[in-house]
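Values in this text are rule-based calculations from the coordinates and carry no lab data. Nothing here was measured: the structure is a model prediction, and the numbers come from that model. Counting neighbours? That spans all protein chains shown, and the Cβs are built from the backbone with ideal geometry, glycine included.
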Amino acid sequence: MSTRYIIANWKMNIKGDEAREYAIGLEQYLVNNPTQSTVVLCPPILCLPSISSVKPTQFSLGVQNFYPMDSGSVTGEHSLAMLDSLNVSYAIIGHSERRILFNEDEDSIARKIKYAVEKGYSIILCIGESREERELGITQQRIEQQLQVLSSLPKESTTPICIAYEPLWAIGTGIIPQVDEIATCVQSIKKYIDENLDQYSKSIYTLYGGSVTQDNVASILAIDGIHGVLVGSASLQLDSFTGIIGKS
Ligand code: PGA
């Protein structure tokens, strides 16, 4: 079976003991219910030390954000170098919430990609069109535009790159695109990779994100070319996240 990713993005939710208990429960679930999928947990940065102290062996850890420098005068930010002892190996980059709330543009996303990959991190690059762009019929152009940041990938990189296709109008809304709409976008991503990033094609995986639940995950994972899912709200309860893993 090809690699499949089930990734939880807690966003700005869950804290303290609750985070640690969730991690212990997830480890236990995966020990008792082995999966072929690669499971990744991206909690708020403050939870990483306590979750890392659980020494998870069945799932990997990721960050939701970082600044692309080892250290320096960057008030309020954190670097990947600060996470060195915490066994963090994935980094989400370009999530639409960061693009919108923090004005993250293509330049800063490209710098983050280059920096994280040089540090040996696997990245989860989020792309996707807004409702307006969809209505204007420019979804495919928008996707192609957002993929251009991948030209910043170091030439020799072989680290896994996940591209999460997340239509903005599907995030946190309970509405998901039709299966054939997702399939069309997956095909556009594949075409772009074949034409522009052929040397990385074996290490690039396409994921879907936006209102993924236990009820819809199987039909999403059945789409040709989809290698996994990025899960927000439905990853906040352990039962619901393990339900998704169970169906993968
Ligand atoms: P959601 O979030 O699953 O709550 O829609 C997905 C995401 O933003 O990655």
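What is the calculated FRET efficiency for ALA218 to VAL54, with r their C-beta to C-beta distance and R₀ = 35 Å, to the nearest 0.05?
Numbers: r = 29 Å, r/R0 = 0.83.
Efficiency at R0 = 35 Å is approximately 0.75.
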If each of VAL179 and LYS155 carries a label point 7 Å out from its Cα toward its Cβ, how far apart are those two points in nm? 4.3 nm
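How would MET69, MET12, MET82 line up from fewest to most surrounding beta-carbon atoms within 10 angstrom? Write down the numbers at each step before the final one.
Numbers: MET69 14, MET12 8, MET82 17.
Result, fewest neighbours first: MET12, MET69, MET82.
Run the numbers for THR3 and ASP70: contour at 0.36 nm per residue of separation, minus the present Cα-Cα distance, in nm.
Taking THR3 through ASP70 to full extension adds about 21.0 nm, to one decimal.
Express the relative contact order of the chain as a whole percentage, based on alpha carbon pairs under 8 Å and six or more residues apart in sequence. Don't skip to the end; give the middle numbers.
Details: 441 pairs, mean separation 49.8, N = 248.
This gives 20 percent for the chain.
Expressed as a rounded percentage, what relative contact order does region 132-230 have, with Cα pairs under 8 Å and six or more residues apart? Provide the component values of the computation, followed by the final result.
Details: 110 pairs, mean separation 33.0, N = 99.
Once divided by the residue count of region 132-230, the mean separation gives 33 percent.
Within 10 Å of each residue's Cβ, count the other Cβ atoms and sort ILE175, ILE7 from fewest upward. Please report the intermediate quantities before stating the final value.
Values: ILE175 12, ILE7 27.
Ordered from fewest to most neighbouring Cβ atoms within 10 Å, ILE175, ILE7 come out as ILE175, ILE7.
Work out, step by step, the length gained on full extension between GLU106 and ILE45: first 0.36 nm times the residue separation, then minus their alpha carbon distance; give nm to one decimal. Present the calculation step by step, with values, prior to reporting the outcome.
Numbers: separation 61, 0.36 × 61 = 21.96 nm, distance 2.32 nm.
The span from GLU106 to ILE45 would gain 19.6 nm if fully extended.
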Which residues qualify? For THR206, with a placed amide H closer than 5 Å and at least 5 residues away or on another chain, they are ILE163, HIS227
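Which loop chymotrypsin sites (Phe, Trp or Tyr not before Pro) in region 54-137, with loop taken from DSSP, have no more than 16 other Cβ atoms within 10 angstrom of their Cβ? Can you show the working numbers first?
Details: sites: PHE59, PHE66, TYR90, PHE102, TYR115, TYR121; in loops: PHE59, PHE66, PHE102, TYR121.
When the chymotrypsin sites (Phe, Trp or Tyr not before Pro) of region 54-137 are filtered for loop state and at most 16 Cβ neighbours within 10 Å, PHE102 remain.
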Which far-off residues, 5 or more places away or on another chain, put their amide H under 5 Å from the one on GLU104, with H placed in the peptide plane? ARG99
Alpha-carbon centroid distance for the pair region 91-111 / region 1-71, whole angstrom: 21 Å
Contact order relative to length of region 86-172, as percent, for alpha carbon pairs under 8 angstrom and 6 or more apart: 37 percent
Estimated [θ] at 222 nm from DSSP helical runs (n ≥ 4, -39500 (n - 2.57)) normalised by residues in the chain, nearest 500: -10000 deg cm²/dmol
Residues CYS42, CYS185, sorted so that the one with the fewest Cβ neighbours within 10 Å comes first: CYS185, CYS42
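In square nanometres, what is one fourth of the surface area of the convex hull spanned by the alpha carbons of region 1-140?
Values: hull surface 41.5 nm².
One quarter of the hull surface, i.e. the mean projection, equals 10.4 nm².
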Distribution output for the chain: share of Cα-Cα pairs per 5 Å bin in percent, first bin at 0, values 1, 6, 15, 19, 21, 18, 13, 6, 2, 0
Quick check on my link table: of LYS11/LYS247; LYS112/LYS247; LYS15/LYS155; LYS15/LYS202; LYS55/LYS190, which ones sit more than 30 Å apart, alpha carbon to alpha carbon? LYS112/LYS247; LYS15/LYS155; LYS15/LYS202; LYS55/LYS190
For the residue pair GLU135 and GLN187, what label-to-label distance in nm results when each label sits 7 Å from Cα along the Cα-to-beta-carbon direction? 2.6 nm
Where labels lie 7 Å past Cα in the beta-carbon direction, separation of GLN237 and VAL31 in nm: 2.5 nm
